[in-house]
Each structure stands twice: as structure tokens, then as C-alpha cells.
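Engineer: My questions all concern the structure below.
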Amino acid sequence: MIIPLLKVTNLSKSYDNIVGCKNISMSLYPGEVLGIVGESGSGKTTLINCLSGNLEPDRGKIIFNTNNKETDFLNISESEKRKFIRTDLAFVHQNPRDGLRLNVSAGGNIGEKLMSVGYRHYGNIRSLATKWMNKVEIDKSRIDDLPITFSGGMLQRLQIAKNLITSPNVIFMDEPTGGLDVSVQARVLDLIRSLVNELNLTVIIVSHDLAVIRLLADKMIVMKNGTVIESGLSDQVLEDPQQEYTQLLVSSVLHV
Amino acid sequence: MRKTNNVIKIKDFKVDKGLPFDQEYNFAYLDENTKKMIRRAIIKALCIPGYQVPFASREMPMPYGWGTGGVQVTASCLTKRDTLKIIDQGADDTTNAVSIRNFFKKTSNIKTTEITEKATLIQTRHRIPETPLKKKQIFVYQVPIPEPLAFLEPKVSETIKMHSLSEYGAMHVKLYEDISKNGHIETAYAYPVKTNDRYIMDPSPIPKFDNPKMNNSPAIQLFGAGREQRIYAIPPYTKVKSLDFEDYPFDPFKAEHACDICGSKNTYLDEIIVDDAGNKSFICSDTDFCNKRKNK
């Protein structure tokens, strides 16, 4: 039997009287890409923030099972939690400027995670950073340039490299193509898809763009008003939506 | 014009003749309760090497940036039996050194000296003397910015957390950037160190040439930051290691010259422009060491 990499039980988070997300249960298996869709305010971001340790949920359980070790994410000390986040999780922000240090060179940004887990050899850090620049299709001559000189798409690819370099077990992506124009979106999506296949990544991706989910996600959940209203294989949900809201969502995709 | 009785006459001003001991002040200026509070902070700092202990820094009769932190630490440690030496950039005769020395002469009537070996308490700005410090000496640093992570993380709440959880990865990012820009670690002063294998510490703006002198020193080393209200310390015989990379080891750089006055080749030198043609002279920054060597 395969043990789920992440198991969530009855997770709830509210902001005073406003429901963020309510009684969410789900599991994620190694190598899976899970899409979370829903309209603005449906609780997608609250959920992903709870799972990645950015927010403290009110109730529920989050169990990670990484490197043959079970981690009760909500019941470990802060130091263990921060260490776990550093080594096992990664978070790709919608706005790459939130996930990068803009006054530090591209190489320094990519290398930071390595240094934070104990790499102390400049040459090694540098060559790994170069390798990852190649992987995300940024010319390696730009390694000493500051991120502010990069275009939006390059910034997002840089952020992806920065996050993947330590081979995290679960990668969270919050609208990774949100602020990009369509052709750049396609390129970033293509990159994410090839990295997912090549490295067998486990990803939770939040998006309101169903095309992104169809392209990347194996499974998906649909959220509305803080609860999961439908879940399943993404092809299944998108081809044969059961819930009224999902049907509306699927039918409102523009076909050019 | 109306006449008043409040006209200040020139002869009312006291002429300052070498600053006599002024008994109107409490010994070493600070009141005893303040000294007690500062001593408590110092003891805590000595117990946790490299940890920044907050303290209620007092307004001192000198501006911030002129060593108000160091002066408060010195004032709290000073006893009547102490011999005090004050240095500024290695020299005993520069403005900051002279004014602080006069301050303590006036408020505590203790002996002062320029000779490193004779001093029991040394307050410094930006240097550690060339003469090795010894047992039973207290060495006080003036610190402008005690937080080594401040340039990377502006939130104090976050830097406190980073210290408490030893999250020091970002510290090496700065060194990485140095090497990628300049081919070597360019940071030349306030070079970060790890104290007792635990806390990353700013050694105050001493040149990195002096960093090795902090390691395993028999003297007590105290750091006072007045404006930032922090005290930290290195107890005697404590490991102090400068941060570096395996392939770019720490290098205590100095100018490739000998002192033009005393001829010393292994001391830290000041570079001085001596004429309009841009000719340079290199001399020891430690005036006491240089004088002694010259007179030998």
C-alpha cells in the first residue's frame, strides 16, 4: 500500500466570523499533481497557506510522510516546523518578487536555500546554481545579474529554480502563471510540466485557470465558500462535472 | 535697553584646566542602580556568548555614535583600582579617545594609561590592540549596529527568531555575493563571526585583520551598543570563528607594507596621503605598539 505523502483531516480556518476554509480532508500521493480551483474568496489560498505553514489553522490535522518519517505538522515545535519547511517544502508565489531577494544576484537567490541547509563550498553552490539556471532556461551568463533586470517570465522561472534546488518533497504553487502574459504563461507552464515529469515532483497548484489545471494536474478539487464541493481525477471532473457550480465553472471557460 | 541681572559674564565660566575630578558626579557618572542593571545584562551576556541582551540604555553626555554603549559598559565595570585605556582606531590621542578618557578622569578620578599591558580595562572603537590581551583585562567594544542580520532582514522580530533557531543560511548569501562580484570576500570590517559554535555576532567595525584576536582570548570581551540598547559578550577562552566558504577561507587582510615609523610588518596599518601629489605613508594604527617598538 502506498502511504500518502500528505494527509489532511478536517482542516478549518476562519478569520473572526468569516470562513476561510472548513472541514477540508484530502490526501496527496508521491508524484501527484493536485489542482485546487475555485473562485476568488473560495478559500484556495487559505488552504494552501495552512498546508505550507504560513498560516495556523484553527482545527484539523496535517500529516506529512516524507523520507519514511511521519510529521504531525501542527504539533511540532516551531524550530522543527521551520526546519521541515526549509528542507521538505517549497512555495512558489504568484508574484516572484515575494519569493526572491531583489537586491541579491540570481545565483545568490538560487544558492540561498543550499546555504540554509548547510552548503559551505562556493564552487559547488555556484555550479549547482548554474545547472538550475540551465534547467529553467535562463542564460547562465545572467547568474550575477540582479533579479530587477529580469523580465516577468524570467523572474518566475528564477523563483522556480530557487525552490526546486534542494529537491523538496512537496511544492506549493499559488497561481504561478497569474501575472504573466499568455505566451510567457505557456512557456512557464511548459517548463513546470517538463520538470514535474523529469523529477517526479509532488505539487499542489492553486489556480482559477482551468486550462492550467487541465494541463498540469492529475487530480483536482473544486472549492466554494471554504469547502470542497467536488474532487477527483482532473479529466473526470472537467469532462463530467457533477456539481452545479463546477458545471458553471467549466462552461464559463472562453474558447477562442 | 533694559538691564537685567542675568547677564552672563565671561569670568563666570570655569576654565577647564586638565579636567579635575568633579565630586558632584557619582563615581563613573552613572547612578548605582543603572550600573546594577547594566551589570546584570553583562552577566547574562557572558553566560550566553554572542547573544544580544537588551538593556535600558541611558542618555549619556555625548551623542549616539560616539560610544555611548561602550561608555555605559565601562562605567558599570569600573572600580577605583582600575587603570583605564581608551583607544579610537587604535590611537590613544584621537578625539573620541581623548574625550572619553577625560570624561572618566573627571567623573571617577581613576588612573589612565596608554600602555596596553598596564590597563585593566580598555575601551575601544574599531581596533583590538596589537599587544595580546591578557587574563584579568576587560575589553569593551563600542558597537554601532549589533545585529549582523540587519542588512538581510529588517524585521527585528524575525532576526530574533533566526538567532533563536540558528537560521543563518542568509548570512552566507552576503559572502556569496561578495565573491561573485569581486572574486573574493570583500567585507573588510564588521566581519561576521560565530561565537562558541552558536550565535552569529557582529564584532563591531574592527578590521577583519583583528578577528582572529577574539578567538580564545584570555580577556573578557564586552560589546555595548547604546542607541540600539544591546549588550553582548565573549567570555575568556571562547571559540570565535569568522564565517567563510570551504573554498574561500577567511583571510585577515592587511596592507602589503611595513610601518613607516617602526618598521613592523605584521601589524594593521593606516594609509595616509602625505602630500598633494598623492604620495602615501603607511603607519601602525596602534599608536602604543608603534611607539614602544620605535623606542626599543
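The values are calculated or read from the model by the stated rules, or taken from the named source; none is laboratory data. Quantities reported herein were computed from a predicted structural model and do not represent experimental measurements. Here the Cβ positions follow ideal geometry from the backbone for every residue, glycine too, while neighbour counts run over all protein chains shown.
Engineer: It is to be established whether one or more residues within the stretch B:205-224 are within 30 Å of B:GLU271 (Cβ to Cβ), buried (at least 21 other Cβ atoms within 10 Å of the Cβ), more than 15 Å from the chain's Cα centre (by Cα) and away from chain A (no Cβ under 14 Å).
Structural biologist: Yes, there is a match, as at least one residue in the stretch B:205-224 is within 30 Å of B:GLU271 (Cβ to Cβ), buried (at least 21 other Cβ atoms within 10 Å of the Cβ), more than 15 Å from the chain's Cα centre (by Cα) and away from chain A (no Cβ under 14 Å).
Engineer: A:SER105 passes all but one of (1) in contact (Cβ under 8 Å) with a residue 12 or more places away in the chain; (2) of a type in the set (S, T, N, Q); (3) exposed (fewer than 14 other Cβ atoms within 10 Å of the Cβ); (4) within 12 Å of another protein chain (Cβ to nearest Cβ); which number fails?
Structural biologist: Of (1) in contact (Cβ under 8 Å) with a residue 12 or more places away in the chain; (2) of a type in the set (S, T, N, Q); (3) exposed (fewer than 14 other Cβ atoms within 10 Å of the Cβ); (4) within 12 Å of another protein chain (Cβ to nearest Cβ), only one is false for A:SER105: (3).
Engineer: A follow-up question, please. Evaluate the stretch B:172-193: report whether one residue or more is among the aromatic types (Phe, Trp, Tyr), closer than 23 Å to B:LYS239 by Cα and either touching a helix residue (DSSP H, G or I) at 6+ places or on another chain (Cβ under 6 Å) or within 14 Å of chain A (Cβ to nearest Cβ) (or both).
Structural biologist: The answer is yes; a qualifying residue exists.
Engineer: Just to be sure, is A:GLY35 in a strand (DSSP E or B), crowded, with 18+ Cβ neighbours inside 10 Å and either out of contact with any Phe, Trp or Tyr (no Cβ under 6 Å at 6 or more places or on another chain) or modelled with pLDDT of 90 or more (or both)?
Structural biologist: Considered against the rule, which asks whether it is in a strand (DSSP E or B), crowded, with 18+ Cβ neighbours inside 10 Å and either out of contact with any Phe, Trp or Tyr (no Cβ under 6 Å at 6 or more places or on another chain) or modelled with pLDDT of 90 or more (or both), A:GLY35 comes out as yes.
Engineer: Name the residue, out of A:VAL206, A:VAL237, that is without any contact (Cβ under 8 Å) to a residue 24 or more places away in the chain and within 27 Å of A:LEU89 (Cβ to Cβ).
Structural biologist: Sole residue among the options that is without any contact (Cβ under 8 Å) to a residue 24 or more places away in the chain and within 27 Å of A:LEU89 (Cβ to Cβ): A:VAL237.
Engineer: Considering the stretch A:83-98 alone, what residues qualify as being within 14 Å of chain B (Cβ to nearest Cβ) and either in contact with a Lys or Arg (Cβ under 7 Å, 6 or more places away or on another chain) or touching a residue at least 12 places away in the same chain (Cβ under 8 Å) (or both)?
Structural biologist: Those that are within 14 Å of chain B (Cβ to nearest Cβ) and either in contact with a Lys or Arg (Cβ under 7 Å, 6 or more places away or on another chain) or touching a residue at least 12 places away in the same chain (Cβ under 8 Å) (or both): A:PHE84, A:ILE85, A:ARG86, A:THR87.
Engineer: Of the conditions (1) within 12 Å of another protein chain (Cβ to nearest Cβ); (2) over 20 Å from A:THR177 (Cα atoms), A:ASN67 satisfies every one except a single condition; which number is it?
Structural biologist: Here A:ASN67 clears every test but (1).
Engineer: Which condition does B:GLU167 not pass, out of (1) part of a loop (DSSP other than H, G, I, E, B); (2) farther than 26 Å from A:GLY123 by Cα, if it passes all the others?
Structural biologist: Exception for B:GLU167: condition (2).
Engineer: Restricting attention to the stretch A:112-127, does a residue exist that is away from chain B (no Cβ under 14 Å) and among the charged types (D, E, K, R)?
Structural biologist: Within the stretch A:112-127 (the criterion being away from chain B (no Cβ under 14 Å) and among the charged types (D, E, K, R)), the answer is no, since none of the residues qualifies.
Engineer: When residues of the stretch B:95-132 are filtered for being within 14 Å of the chain's Cα centre (by Cα) and in a loop (DSSP other than H, G, I, E, B), how many remain?
Structural biologist: Going through the stretch B:95-132 one residue at a time, the tally reaches 4.
Engineer: Condition (residue is aromatic (Phe, Trp, Tyr), within 22 Å of B:PRO235 (Cα to Cα) and either in contact (Cβ under 8 Å) with a residue 60 or more places away in the chain or outside any loop (DSSP other than H, G, I, E, B) (or both)) applied to the stretch B:54-66: is it met by at least one residue?
Structural biologist: yes
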